[in-house]
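**Student:** Next up is a structure, given as structure tokens.
The values are calculated or read from the model by the stated rules, or taken from the named source; none is laboratory data. Bear in mind the structure is a predicted one, so any value in this text is a computation, not a measurement. Ideal geometry is used to build each Cβ from the backbone, glycine not excepted, and the neighbour counts take in all protein chains shown. Ligands, DNA and RNA are stripped out before the accessible areas are found, and what is left, the full protein with its side chains, is counted by its heavy atoms. Shrake-Rupley method; radii C 1.70, N 1.55, O 1.52, S 1.80 Å.
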Amino acid sequence: MRVVKTIPDLRGARAALGQSVGVVLTMGALHEGHLALVRAARQDHDHVLATIFVNPTQFAPGEDLSKYPRPLERDLDLLRAAGVDVVFTPSPEVMYPPGFQTHVTVECVTEGLEGAARPGHFQGVVTIVAKFFNLTQPTTTYFGQKDAQQVVVIRQMVRDLNFPLTIAVIPTEREADGLAMSSRNVYLTTEQRQNATSLHRALQAAGEAYTAGECDPQGLRAAALAVLADCGGEVEYVSLNDPRTLAEVDQPTESPLLMSMVVRYGKTRLLDNGLLPASLNTREGLTATLGGE
Ligand code: AMP
């Protein structure tokens, strides 16, 4: 596995991989969720390129940029064991040299949900992802369901700016008790960690209500909120959206829905989401539904 830190070295390493490459973008502190993306890339392509970069521009002031975990050697061992060919780990100065002044903005689909909660977040995400796409030239790039809005936003950018690549969406990898894996779970106290299973249980309750015939967003939210009543944290939002446009849905509908939620434990925000019907939460269902072709 080659580890490269500069743009010229990355360009050289990328050229040596040939045409067909699966690309996985990460901020490091890797867990099984990231590795599920790498495994999918490995299955689909002869070569896999991964990036590790804690992108400062997607953190708002007061967020956890300085304390975000950075266990680089461990991450590299995990990527090596997973069969990655090239890892790009640039410094902030390499990605944002003095004089940097270009930003990419995606409009409507960044307005609600995490876009509303974290002003500036998606402009930071979209700009760095556009740079990484230009530099790594993916055949297929792999994103996690965990950040469903991010998938919709990146798909929009890929369409609008004509990036010649395919996006695959990989289902959320979970701990045995249902908690969605996240690099931020390490911030939780023992008690918060126990309570944090509420998010998955709330999604399951909404999924069961949906299967039982509930298609009114009010009823589906009520099913989730009944579980979250005991979550021991502060519910920031539980939202039902059209999975293609991310428009909020407030009327009963037969169309698939994206249920997203954020619960705050102290300063830690935990996100989770699922498609309704729950049978769509597979690679195929997610890839087709979160934006479609
Ligand atoms: P991050 O390092 O948090 O920027 O995440 C890098 C990629 O891994 C993103 O596409 C995430 O959506 C994805 N990811 C993060 N957590 C999970 C998870 N639990 N299951 C599947 N994918 C995930």
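**Student:** Restricting the search to the range 70-102, which residues are open to solvent by less than 30 Å² (accessible area, probe 1.4 Å) and not hydrophobic (A, V, I, L, M, F, W, C)?
**Tutor:** 75, 83, 89, 90
**Student:** Assess whether residue 157 counts as being within 13 Å of the ligand (Cβ to nearest atom) and out of contact with any Leu (no Cβ under 9 Å at 6 or more places or on another chain).
**Tutor:** Against the criterion (within 13 Å of the ligand (Cβ to nearest atom) and out of contact with any Leu (no Cβ under 9 Å at 6 or more places or on another chain)), residue 157 does not qualify.
**Student:** Between residues in the range 152-170 that are at pLDDT 95 or above and residues that are among the aliphatic types (A, V, I, L, M) and open to solvent by 30 Å² or more (accessible area, probe 1.4 Å), which pairs lie under 8 Å by C-beta distance while being six or more apart or on different chains?
**Tutor:** Close Cβ pairs (under 8 Å, with a partner that is among the aliphatic types (A, V, I, L, M) and open to solvent by 30 Å² or more (accessible area, probe 1.4 Å)) amount to 157/104; 161/104.
**Student:** Then there's this: Yes or no: residue 44 of a type in the set (Asp, Glu), open to solvent by less than 30 Å² (accessible area, probe 1.4 Å) and within 21 Å of the chain's Cα centre (by Cα)?
**Tutor:** no
**Student:** Of the residues 138, 164, 92, 98, which single one is touching a strand residue (DSSP E or B) at 6+ places or on another chain (Cβ under 7 Å) and over 25 Å from residue 258 (Cα atoms)?
**Tutor:** The conditions single out 138.
**Student:** Can I ask one more? Quick check on my filter: what residues within the range 35-52 are within 13 Å of the ligand (Cβ to nearest atom) and touching a Leu at 6+ places or on another chain (Cβ under 8 Å)?
**Tutor:** 35, 38, 50, 51, 52
**Student:** Yes or no: residue 114 within 23 Å of residue 157 (Cβ to Cβ), in a loop (DSSP other than H, G, I, E, B) and within 15 Å of the ligand (Cβ to nearest atom)?
**Tutor:** no
**Student:** A further question follows. Can you confirm whether residue 152 is within 16 Å of the ligand (Cβ to nearest atom), in a strand (DSSP E or B) and crowded, with 18+ Cβ neighbours inside 10 Å?
**Tutor:** Taking the combined requirement at face value, the residue does not satisfy it.
**Student:** Right, here's the next one. Within the range 241-280, which residues are open to solvent by 50 Å² or more (accessible area, probe 1.4 Å) and among the basic types (Lys, Arg)?
**Tutor:** 244, 264, 267
Yes/no matrix, rows are residues, columns are (1) open to solvent by 20 Å² or more (accessible area, probe 1.4 Å); (2) closer than 27 Å to residue 109 by Cβ:
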{"residue": "148", "(1), (2)": "no, yes"}
{"residue": "202", "(1), (2)": "no, yes"}
{"residue": "214", "(1), (2)": "yes, yes"}
{"residue": "227", "(1), (2)": "yes, no"}
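**Student:** Checking residue 203 against (1) more than 13 Å from the ligand (Cβ to nearest atom); (2) more than 14 Å from residue 231 (Cα to Cα): exactly one of these is not met. Which one?
**Tutor:** So the condition that residue 203 fails would be (2).
**Student:** In the range 214-285, which strands (runs of 3 or more DSSP E) lie fully inside it and hold 2 or more residues that are β-branched (Val, Ile, Thr)?
**Tutor:** Filter on the range 214-285 gives 234-241, 257-265.
**Student:** Give the residue that is farthest from the ligand (Cβ to nearest atom), with candidates limited to residues of the range 168-200 that are of a type outside the set (D, E, K, R), part of a helix (DSSP H, G or I) and open to solvent by 70 Å² or more (accessible area, probe 1.4 Å).
**Tutor:** Filtering the range 168-200 for residues that are of a type outside the set (D, E, K, R), part of a helix (DSSP H, G or I) and open to solvent by 70 Å² or more (accessible area, probe 1.4 Å), the one farthest from the ligand (Cβ to nearest atom) comes out as 190.
**Student:** Being open to solvent by 10 Å² or more (accessible area, probe 1.4 Å) and either outside the structural domain of residue 73 (by TED's automatic domain parsing) or more than 9 Å from the ligand (Cβ to nearest atom) (or both) is the filter here, so list the residues in the range 14-34 that pass it.
**Tutor:** Hits for the range 14-34 are 14, 15, 16, 17, 18, 19, 20.
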